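The next block holds one structure in the form of structure tokens; read it before the comments.
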Amino acid sequence: MDEASGGSTLITDPGRVLVVGGSGMLGSDVVRRFSDRGWYVNSPSQVDFDITSAQHLERLRKRDFGEFAWIVNCAAYTAVDQAESDAMAAMKLNFVAPGVLASVCQEAGWRYLHVSTDFVFDGTKGSAYTETDQTNPLGVYGKSKLQGEQAVAKECPGAVIVRTSWLYGPNGKSFPRTMIEAWKAEKPLRVVADQWGTPTYTWDLADALALIVLKGVPGGLYHAAGPDRMNWHDLAVQAITAYAQVGGDTRPIEVAAITTADWPTPAQRPFDSSLSCEKLIEQGLAPMRHTTEALADFCKRLG
């Protein structure tokens with residue numbers, strides 16, 4: 001997202017920012033994009049600061065990690081299928097810990113930015129979801145993230161909660177990377193074509209989060225995702241095509257389209273969890289880059 005004029009006042013220097021989960025796929029790009037702006041960014045390792053640790057949260061409450069203007073929480077339990085058999089761990093990281101972290105921010109007077117997911121919806125609406133649409137998560141992962149949203153809003157009413165979807169980035173596991181690596185290894189590819197969403201590049205989402213901080217966006221629930229609605233098969237083909245173009249590879253790209261029934265998983269997925277981002281755009285943030293452009297950048301960063 002590019003900077004654009006809006007109703008919020010730009011804050012040249014937001015002060016000290018603590019990024020939780022800064023070594024993950026999204027968090028690593030958030031740390032880099034925030035640091036690129038010249039901001040002071042503290043991103044302790046999970047060993048040094050684990051938000052599921054009552055001891056670490058108490059140290060944060062006592063200012064042992066310092067004083068901050070913003071806490072940005074990118075930490076999450078994201079193993080959607082594994083969550084079905086590991087509900088306690090998913091709830092601890094996605095629900096309980098964010099709520100406690102929010103209470104610390106409320107007590108300290110720090111602003112809190114929390115990242116959530118499109119999986120809070122059941123995918124039956126038939127069009128892009130807005131922030132006011134009814135939630136109905138289908139699995140443990142979505143339920144844990146929804147309860148995390150509710151806990152954050154309760155404990156820190158001024159928190160900014162940002163739902164995103166279908167994240168991909170070069171610093172970790174992602175669907176486009178998996179597809180590219182399988183294609184390079186000449187493995188047969190079969191990809192679901194009846195689940196739809198809005199793929200989101202972590203670099204662009206990190207920019208959006210930086211602008212939320214920069215503009216001091218009012219507390220509340222927002223959607224921030226890529227502008228293109230597509231299915232997993234579309235995304236696989238586009239990712240491999242982008243990688244082939246960057247590397248000058250002329251091998252054929254063959255990806256078989258299958259249905260959800262052809263690829264059963266422990267966790268049920270929403271059929272269409274596309275997100276509408278109009279509310280955030282009204283705050284002065286321009287839409288993210290289209291998927292073709294974002295994937296080209298992603299592939300260059302993959303090397």
All conditions in (1) under 17 Å from the mean Cα position of the chain (by Cα); (2) assigned to a loop (DSSP other than H, G, I, E, B) are true of Pro264 except (1)
List every residue pair whose Cβ atoms sit under 9 Å apart, with the two residues 6 or more apart in sequence or on different chains, where the first one lies in the range 186-209 and is touching a residue at least 60 places away in the same chain (Cβ under 8 Å) and open to solvent by less than 10 Å² (accessible area, probe 1.4 Å) and the second, anywhere, is of a type in the set (Asp, Glu) and part of a strand (DSSP E or B).
Gly197/Asp272
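Can you find a residue in the range 265-288 that is within 26 Å of Lys125 (Cα to Cα), among the β-branched types (Val, Ile, Thr), touching a residue at least 40 places away in the same chain (Cβ under 8 Å) and in contact with a strand residue (DSSP E or B) (Cβ under 7 Å, 6 or more places away or on another chain)? Let's see the steps before the verdict.
Kept after step one, since they are within 26 Å of Lys125 (Cα to Cα), are these residues of the range 265-288: 265-283, 285-288.
Remaining after also requiring among the β-branched types (Val, Ile, Thr): 265, 281.
Those still in the list that are touching a residue at least 40 places away in the same chain (Cβ under 8 Å) too: 265.
Of the ones still in play, those that are also in contact with a strand residue (DSSP E or B) (Cβ under 7 Å, 6 or more places away or on another chain) are none.
No, the range 265-288 contains no residue that is within 26 Å of Lys125 (Cα to Cα), among the β-branched types (Val, Ile, Thr), touching a residue at least 40 places away in the same chain (Cβ under 8 Å) and in contact with a strand residue (DSSP E or B) (Cβ under 7 Å, 6 or more places away or on another chain).
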All but one of (1) in a strand (DSSP E or B); (2) open to solvent by 30 Å² or more (accessible area, probe 1.4 Å) hold for Ile71, so report the exception by its number.
(2)
Among the strands (runs of 3 or more DSSP E) contained in the range 92-204, which hold 1 or more residues that are under 15 Å from Leu221 (Cβ atoms)?
111-117, 160-164
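This table checks each residue for (1) within 18 Å of Glu67 (Cα to Cα); (2) open to solvent by less than 30 Å² (accessible area, probe 1.4 Å); (3) at pLDDT 90 or above.
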residue: Met1; (1), (2), (3): no, yes, no
residue: Gly6; (1), (2), (3): no, no, no
residue: Thr9; (1), (2), (3): no, no, no
residue: Leu18; (1), (2), (3): yes, yes, yes
residue: Leu26; (1), (2), (3): no, yes, yes
residue: Val30; (1), (2), (3): no, yes, yes
residue: Arg33; (1), (2), (3): no, no, yes
residue: Tyr40; (1), (2), (3): yes, no, yes
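Scan the range 36-53 for residues that are of a type in the set (S, T, N, Q) and either outside any strand (DSSP E or B) or over 22 Å from Trp203 (Cβ atoms) (or both) and jot them down.
Our first condition is that a residue be of a type in the set (S, T, N, Q); within the range 36-53, this holds for 42-43, 45-46, 52-53.
Answer for the range 36-53, where residues must be of a type in the set (S, T, N, Q) and either outside any strand (DSSP E or B) or over 22 Å from Trp203 (Cβ atoms) (or both): Ser43, Ser45, Gln46, Thr52, Ser53.
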Only residues in the range 137-149 that are free of Cβ contacts under 8 Å to residues at least 60 places away in the same chain count as the first member; pair them with residues that are surrounded by fewer than 24 Cβ atoms within 10 Å (Cβ to Cβ) and of a type in the set (Lys, Arg), Cβ under 7 angstrom, at least 6 apart or cross-chain, and list the lot.
Pro137/Lys143
Are any residues in the range 124-151 basic (Lys, Arg) and surrounded by fewer than 19 Cβ atoms within 10 Å (Cβ to Cβ), and if so, which ones?
Lys125
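Going by what's in this entry, would Asp234 be described as free of Cβ contacts under 8 Å to residues at least 24 places away in the same chain and either part of a strand (DSSP E or B) or open to solvent by 10 Å² or more (accessible area, probe 1.4 Å) (or both)?
Details: free of Cβ contacts under 8 Å to residues at least 24 places away in the same chain: no; either part of a strand (DSSP E or B) or open to solvent by 10 Å² or more (accessible area, probe 1.4 Å) (or both): yes.
Against the criterion (free of Cβ contacts under 8 Å to residues at least 24 places away in the same chain and either part of a strand (DSSP E or B) or open to solvent by 10 Å² or more (accessible area, probe 1.4 Å) (or both)), Asp234 does not qualify.
The values are calculated or read from the model by the stated rules, or taken from the named source; none is laboratory data. Being a predicted model, the structure only gives us computed values, none of them experimental. Virtual Cβ from ideal backbone geometry, glycine too; neighbours counted across all protein chains shown. With ligands, DNA and RNA removed, areas are computed over all heavy atoms of the protein, side chains included. Shrake-Rupley method; radii C 1.70, N 1.55, O 1.52, S 1.80 Å.
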